[in-house]
Amino acid sequence: MFAVGDQLLALGVLRTFFLGRSSSGHHRRRRGRFPNHPKAIHINGSISNDITRVLAFFVLVFLFLGGGIAGGLVLANPLGAGIALGGIAVGGLVWLLLSLLIVMAVWFAPALVVFNHMPPAAALKASFHACLKNLVSFLVYALLTMVLCFFAALPLGLGFLVLGPVLAGSVYASYRDTFITA
């Protein structure tokens, strides 16, 4: 039986692989050829999963050693619950900020590995710099994506059958706008 961590690792690697493959499909339809770099895409997915695991570990350490939860549990009154929830909120904000940095590094990385033949570490760095250069549009896209994901989840998640390919196409279009000059 697989542990939860192993399943999350497999899902992260498969996510990166499918992002690279869907971008390849859009590229093939546009150019008539199909690039193939599965090993580099898997390495890219493994790197992003390792970074996410380290992030999760440090946020949990921050929550428990930072004293927010421990301080809240020691006090047996409503003030203790407020302290505990404050510690959880700060941990959540730290998680959100650091997750944003990871998503920025992983956003264009599969397409850069597949189309530009970049090594995975260089693709992560180039993706991060491209997202940082276009930070406002990246954040607007992220907010719109969250709203669309909310509405896609309403019909028992079946909306993701439509939203998934649309988002994959939009990632490829943003890759072309960002990295390919006409």
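The values are calculated or read from the model by the stated rules, or taken from the named source; none is laboratory data. As the structure is a computational prediction, the values presented were derived from the model and not from experiment. Glycine also receives a Cβ, built like all others from the backbone with ideal geometry; neighbour counts cover every protein chain displayed.
Could you grab me the full set of residues in region 111-142 that are of a type in the set (A, V, I, L, M, F, W, C) and within 14 Å of the chain's Cα centre (by Cα)? So that I can check it myself, show each step before the final result.
First, the residues of region 111-142 that are of a type in the set (A, V, I, L, M, F, W, C): 111-115, 118, 121-124, 126, 128, 130-132, 135-136, 138-140, 142.
Residues satisfying the conditions are L124, F128, C131, F138, L139, A142.
Tallying residues that are farther than 27 Å from L60 by Cα and touching a Gly at 6+ places or on another chain (Cβ under 6 Å) within region 86-131 yields 2. Do the conditions hold for A152, that is, is it of a type outside the set (S, T, N, Q) and at pLDDT below 90? So A152 fails the test.
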